[in-house]
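These notes concern the structure reproduced below.
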C-alpha cells in the first residue's frame with residue numbers, strides 16, 4: 001500500500017453517485033428559502049461521526065477555555081460526552097468497517113478515546129500536574145495517532161495530512177500561551193468539519209488487494 005501513489009485528489013467536492021455506491025446509510029440536508037436551495041449536504045456514516053465529534057470537541061475545549069465551572073464537574077461532563085461520542089462512532093461505522101474488514105481501525109479509536117478519558121480523569125481527580133499542564137498536548141497527540149492509523153488503513157493522504165496537522169499543533173501550543181484549549185478546539189474542529197464536508201481520497205481498491213494478499 002503506497003499513500004503517495006495515488007491519482008485521486010486529496011480532497012474534493014462530494015460526488016453523489018460515488019457516495020451512494022460506497023455508503024449505505026446517507027443523510028441529506030437541504031436548506032431552502034422561498035424555493036431557493038441555499039445549502040445541500042450529503043453525509044455518510046463517517047461524515048456523521050466527524051460532525052458529532054466536532055460538536056463534542058467544541059463544547060469540551062471551549063468550556064475549558066472560557067467557563068468558570070470546576071475542573072471536577074468538567075471532567076465528569078467530558079467523560080460522559082466522550083463515551084457518548086465513542087458509542088455513536090461504534091454504532092454508525094460498525095457495518096461499514098465490518099464489510100471492509102477494517103474493524104481494527106474502529107477498535108484503535110475506541111482504545112485511544114478511552115485512554116484519553118482515563119488519563120484526563122486521573123490528572124484532574126488526583127491532581128497530577130504533568131497531565132493537567134498538557135491536556136491539549138495529550139488529546140492532539142491521541143487524535144494525531146488515530147488519524148495516522150486510519151490513514152494507513154484507508155490508504156488516505158487526506159487523513160495522513162490531518163494527523164500530521166494535529167502533530168504540528170502540539171508544537172504550536174507553547175506559542176499561544178493561555179489560549180491552548182481554544183487553539184486545540186480550532187485545530188480539531190476545523191479538521192473534522194473539513195472532513196465532513198468533503199470527499200477524501202480513500203483507496204478502497206488498494207485495501208481490497210492488500211486483503212487478498
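Here are the numbers for the structure shown:
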| item | result |
| --- | --- |
| Hits in region 29-73 (condition: exposed (fewer than 10 other Cβ atoms within 10 Å of the Cβ) and either within 23 Å of residue 183 (Cβ to Cβ) or at pLDDT 70 or above (or both)) | 29, 33, 68 |
| Tally, over region 142-192, of residues that are in contact with a helix residue (DSSP H, G or I) (Cβ under 6 Å, 6 or more places away or on another chain), surrounded by 17 or more Cβ atoms within 10 Å (Cβ to Cβ) and either assigned to a helix (DSSP H, G or I) or modelled with pLDDT of 95 or more (or both) | 28 |
| Any hit, region 98-110, residues being at positive phi and either surrounded by fewer than 16 Cβ atoms within 10 Å (Cβ to Cβ) or at pLDDT 85 or above (or both) | yes |
| Search result, residues across region 87-114 that are in contact (Cβ under 8 Å) with a residue 24 or more places away in the chain and either in a loop (DSSP other than H, G, I, E, B) or within 16 Å of residue 145 (Cα to Cα) (or both) | 100, 101, 102, 104, 105, 108, 109, 110, 112, 113, 114 |
| Candidates 82, 93 - the one that is closer than 30 Å to residue 134 by Cβ, buried (at least 18 other Cβ atoms within 10 Å of the Cβ), in contact with a helix residue (DSSP H, G or I) (Cβ under 8 Å, 6 or more places away or on another chain) and modelled with pLDDT under 95 | 93 |
| Condition met for residue 139 (assigned to a helix (DSSP H, G or I), surrounded by fewer than 20 Cβ atoms within 10 Å (Cβ to Cβ), in contact (Cβ under 8 Å) with a residue 40 or more places away in the chain and in contact with a helix residue (DSSP H, G or I) (Cβ under 8 Å, 6 or more places away or on another chain)) | no |
| Matching entry among 51, 60, 91, 105 (being touching a strand residue (DSSP E or B) at 6+ places or on another chain (Cβ under 8 Å) and within 22 Å of residue 193 (Cα to Cα)) | 51 |
| Residues satisfying the stated conditions in region 124-136, i.e. part of a helix (DSSP H, G or I) and under 20 Å from residue 56 (Cα atoms) | 124, 132, 135, 136 |
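The values are calculated or read from the model by the stated rules, or taken from the named source; none is laboratory data. Since the structure is predicted, the reported quantities are computational estimates derived from the model, not experimental observations. Quick reminder, even Gly has a Cβ in these numbers, built from the backbone with ideal geometry, and neighbours come from all protein chains shown.
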